[in-house]
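See below for the structure under consideration.
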């Protein structure tokens, strides 16, 4: 602020000098002096406006332009940083995409290996189950066969006994019965005790 007053004082002195020259010329001459005085006031007015414009442009506009230039520079810097960040993110995304594709391929390979291993495990378990069912069926068949043999033997024994009984009852007469008892008693008598 103090500097602007100094500048104004420095510019005011030539204006005052010019005004004094114009007034002095006006006192010396008549109508041409009025014309000169009018021209002088126009020039003074022009000089004052020019000085005000110069001061305005020198004092106010450079900071405004500097501020705009700084703002534009800051925006360019931010845009450059944003562009660099975007490029970094793009590279990172491309790297991740490549990595993701590789991981998907690995997962696919692992899944195929796991499914093949699971299939083999299930086949092995199926074979074991088939063998177990076969062993269990054979054991049941053998058990049923043994039971049938025992039952068949029991039935055959019963039929044999029934047949023998019927034959014995047909052939057994009281006389044969008495002879058998006598033979038995005699065999007992001949034995040593």
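The values are calculated or read from the model by the stated rules, or taken from the named source; none is laboratory data. Quick caveat: nothing in here was measured; it's all calculated off a predicted structure. Using ideal geometry, Cβ is built from the backbone for each residue, glycine included, and neighbour counts are taken over all protein chains shown.
Tabulated data for the structure shown
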{"item": "Qualifying position, being modelled with pLDDT of 75 or more, part of a helix (DSSP H, G or I) and either within 60 Å of the chain's Cα centre (by Cα) or surrounded by fewer than 11 Cβ atoms within 10 Å (Cβ to Cβ) (or both), among 24, 52, 13, 69", "result": "69"}
{"item": "Residue in region 88-97 that is surrounded by 10 or more Cβ atoms within 10 Å (Cβ to Cβ), assigned to a helix (DSSP H, G or I) and more than 46 Å from the chain's Cα centre (by Cα) present", "result": "no"}
